[in-house]
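Undergrad: Pasting a structure here, questions to come.
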Amino acid sequence: MSDTIVTSIPGQATPAGAEAVTAPAHTERALPGTGTMNLPMTKALNAGLRQAMRDNPKVLMMGEDIGPLGGVFRVTEGLIAEFGDKRVLDTPLAESAIIGTAIGLALRGYRPVCEIQFDGFVFPGFDQITSQLARMRNRHEGQVVMPVVIRIPYGGHIGSIEHHQESPEAYFAHTPGLRVVSPSNAHDAYWMMQEAIASDDPVIFFEPKSRYWPKGEVNLAKSGSPLHASRVVRSGTDATVVGHGAMVSVLLQAAELAAAEGTSVEVIDLRSISPIDYGPILASVEKTGHLVVAQEAHGFVSVGSEIAATVMEKAFYLLEAPVLRVSGFDTPFPPAAVETHFLPSPDRVLEAIDRALSY
Amino acid sequence: MSATSNASPTVQLLSPEGVFAPSDSAAEFLPYLDRLTEADYRRFYRDMVVVRRFDTEAANLQRQGQLALWVPSHGQEAAQVGSAYATRPQDHVFPSYREHVVGMIRGLDLVDILRMLRGVTLGGWTPEDHGNFHLYTLVLASQTLHATGYAMGMQLDGATATGDPETDQAVIVYYGDGASSQGDANEALVFAASYQTPQVFFLQNNHWAISVPVTRQSRTPLYLRAGGFGLPGTQIDGNDVLASYAVTAKHLDDARAGRGPALIEALTYRVGAHTTADDPTKYRDPEQLAYWVARDPIVRFRSYLQGLGVEREFLDAVDEEADDYAADVRRRALDIHSPEKAVIFDNVYAEPHPLIQEQKAWLDRYEASFEGGDA
């Protein structure tokens, strides 16, 4: 198997195909330390994991099918070949044990990165995450650190079966002691993964499955944003829309459509779900006076609800309309044949923007 | 077989009457007794007596409103003392929440356990400064996985199975018959077997999970479950401190030598209540209690020591020491003070977290806003 990797020099446009190099995936050892690469998120995550493992021998991978197969999404592809089966552990099929033994390894000084195969499979490990992992440092009165990353591919848009398209981030954001993040693009995936592994706190790392494959430019020289910073990814003046993970591309599409109709929409990529960086959100609301929060997750008791409440507490007089939420419905994720009706679309985001602007 | 042969699979060295009468199944463990001197025997006895007296004192403190709860270990002293003395300094111990004397033997001040039960901390001590005795874990069987992961880390570090028993490390994890039904306990056995961790699972079958008898947890003797996971399993008379020592010593040595994990089921009895919030008279047969009280581990070992010629003065001195210890514990328990309210916030995260910082500052301002506010 080989992959075509397009490299480019910072500041210069990439001549399409001109600098394409063909290399077997396992020779990515020659990853350049600078410059940019055009990668799908899966390969950006892979490169981030690989870099973290090279930087720190205490970093371990744990999970189901992450060894020779490279994970069901191939995010860990080639890692076992480079680092061996002592650092890339294909585990028995038991999520609670993956998390629970990762806690023991962290107490021993390791920095485990656990792969949960799909969003809906995290719940057998939920007790170890919320009752143990999240509280270990607090219970030890600050005498230990818990540098454990739990990677969870999440979200819909992939037409899959039950338990394979869910967005359970609110459960984890509700749990003190955890940090929760989700990149929306390949560049952030590469950097946020390394920053999450470097964190001395447990990080739940939600990877938006539907964004696994589109390629994006990864600047290998610098991240540009700290792990927990939200970021304006499109400037606008009439309304602000906020989302994370796969929702960001939906919001950008909505903003593009709105622009064609003469409405200027500012798009904020949340990036971090816990803690939430309200600075850019409040600054944007000060400018636009209108806020729409969008998410694939169920709206009831959700991250979007939290943002809406907080913005109303902190910036009531800046708002010209109620903060509106666009969410998945409060139903189980439906059969894939009707998922497009369930998932927030650019049109549903536009409908909410129109409602906000009509106040 | 001789007339005195004991063909039970349960490893026993001392009869309930305190006579040295090893079961046939004890043969492979007997050499481990050679490591013990009479001074060790005296320490075993002393620790069992002291912790039982401590146990009574702690229950009294709870009844007097000085502790939120107490978790007695009465009846399980032999299982705990024998297994704890079988550990080596470099080992790590993951308790459940009833292994007070194990902590004491590993160097923990038992008043530190009372801190948690007095409600001033969620933990109570730093494991690395207290004989690698890890924190109590209140969600049953959760610690079995932490122990297994820790043992995996020992392997990755090359800190075990080098061939030097003086430095090779191992893990012992304590849990019980109730916890044996938890998924985590079973997943820990799966992982331990899969990675061949240097680890002993020490299962104290005290016959009761609060009000539910062990017969509800398992239709098979619990030590036989080990075989299904690919581990050796040994059942011991858990009220026989020498059996607990010898069997644990063998399995820990096997583990540290790279021969993999093992499970020990110690048959014992929770003579007291589950906790001070429990009332075992509502669900337990007095005859069962009487049967086990008659097999008391301390009485048994005292009889054995007396048979060895240990003088009365020693036994009396131990009782006096236990009383003094209990009085000291009482005095120091009453001297445990509440922490500052900052503990609510300070150790939730290792790195700064704006929401927590904001809430901490708000609480300070709020409480200072009242007359006489202290912030």
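The values are calculated or read from the model by the stated rules, or taken from the named source; none is laboratory data. Quick caveat, the model's predicted, so the values are computed rather than measured. Cβ atoms come from the backbone with ideal geometry, glycine included; neighbour counts cover every protein chain shown.
Undergrad: Of the numbered conditions (1) among the β-branched types (V, I, T); (2) within 14 Å of chain A (Cβ to nearest Cβ); (3) surrounded by 21 or more Cβ atoms within 10 Å (Cβ to Cβ), B:V190 satisfies every one except a single condition; which is it?
TA: Here B:V190 meets the rest and fails (3).
Undergrad: Restricting to helices (runs of 4 or more DSSP H) lying wholly in the range A:262-359: which have 2 or more residues that are in contact with a strand residue (DSSP E or B) (Cβ under 9 Å, 6 or more places away or on another chain)?
TA: Passing ranges, in order: A:279-288, A:303-315, A:346-357.
Undergrad: Which of (1) over 23 Å from A:L93 (Cβ atoms); (2) within 14 Å of another protein chain (Cβ to nearest Cβ) does B:G233 not meet, given it meets every other one?
TA: Result: B:G233 fails condition (2) only.
Undergrad: Starting from the range B:226-241, take each residue that is touching a residue at least 60 places away in the same chain (Cβ under 8 Å) and list its partners that are surrounded by fewer than 22 Cβ atoms within 10 Å (Cβ to Cβ) and of a type in the set (D, E), counting only C-beta distances under 9 angstrom and pairs at least six apart or across chains.
TA: Pairs found: B:N239/B:D296.
Undergrad: Within the range B:99-148, restricting attention to residues that are part of a helix (DSSP H, G or I) and touching a strand residue (DSSP E or B) at 6+ places or on another chain (Cβ under 7 Å), which residue is farthest from B:A277 (Cα to Cα)?
TA: Filtering the range B:99-148 for residues that are part of a helix (DSSP H, G or I) and touching a strand residue (DSSP E or B) at 6+ places or on another chain (Cβ under 7 Å), the one farthest from B:A277 (Cα to Cα) comes out as B:T148.
Undergrad: Would you check if B:R115 is surrounded by fewer than 24 Cβ atoms within 10 Å (Cβ to Cβ), within 14 Å of another protein chain (Cβ to nearest Cβ) and either more than 30 Å from B:L13 (Cβ to Cβ) or not small (G, A, S) (or both)?
TA: Yes: the conditions hold for B:R115.
Undergrad: Of the residues that sit in the range A:91-141 and are among the aliphatic types (A, V, I, L, M) and at the interface with another protein chain (Cβ under 7 Å from one of its Cβ atoms), which one is farthest from B:P127 (Cα to Cα)?
TA: Per the stated criteria, the residue is A:A94.
Undergrad: Related question: Taking the stated definitions as given, is B:A59 among the hydrophobic types (A, V, I, L, M, F, W, C), under 22 Å from B:W292 (Cα atoms) and in contact with a strand residue (DSSP E or B) (Cβ under 8 Å, 6 or more places away or on another chain)?
TA: no
Undergrad: Which one of these is more than 8 Å from chain B (Cβ to nearest Cβ) and within 23 Å of the chain's Cα centre (by Cα): A:V148, A:V144?
TA: Just a single option satisfies the conditions, and that option is A:V148.
Undergrad: Hey, can you tell me all the residues within the range A:182-202 that are within 14 Å of chain B (Cβ to nearest Cβ), touching a residue at least 40 places away in the same chain (Cβ under 8 Å) and part of a helix (DSSP H, G or I)?
TA: A:A196, A:I197, A:A198
Undergrad: Here's another thing I want to ask about it. Being outside any helix (DSSP H, G or I), hydroxyl-bearing (S, T, Y) and under 19 Å from B:A26 (Cα atoms) is the filter here; which residues of the range B:216-252 pass it?
TA: The one that is outside any helix (DSSP H, G or I), hydroxyl-bearing (S, T, Y) and under 19 Å from B:A26 (Cα atoms): B:T234.
Undergrad: Report, ordered by the first and then the second residue, all pairs with beta carbons closer than 6 Å, sequence separation of six or more or different chains, a first member in the range A:210-231 that is under 11 Å from A:D277 (Cα atoms), and a second member that is in a loop (DSSP other than H, G, I, E, B).
TA: Pairs found: A:H228/A:P275; A:H228/A:D277; A:A229/A:D277; A:S230/A:L270; A:S230/A:R271; A:S230/A:D277; A:R231/A:S225.
Undergrad: Hey, does the range B:270-280 have a residue that's in the same structural domain as B:L189 (by TED's automatic domain parsing), under 18 Å from B:S8 (Cα atoms), surrounded by 24 or more Cβ atoms within 10 Å (Cβ to Cβ) and in contact (Cβ under 8 Å) with a residue 24 or more places away in the chain?
TA: The answer is no; no qualifying residue exists.
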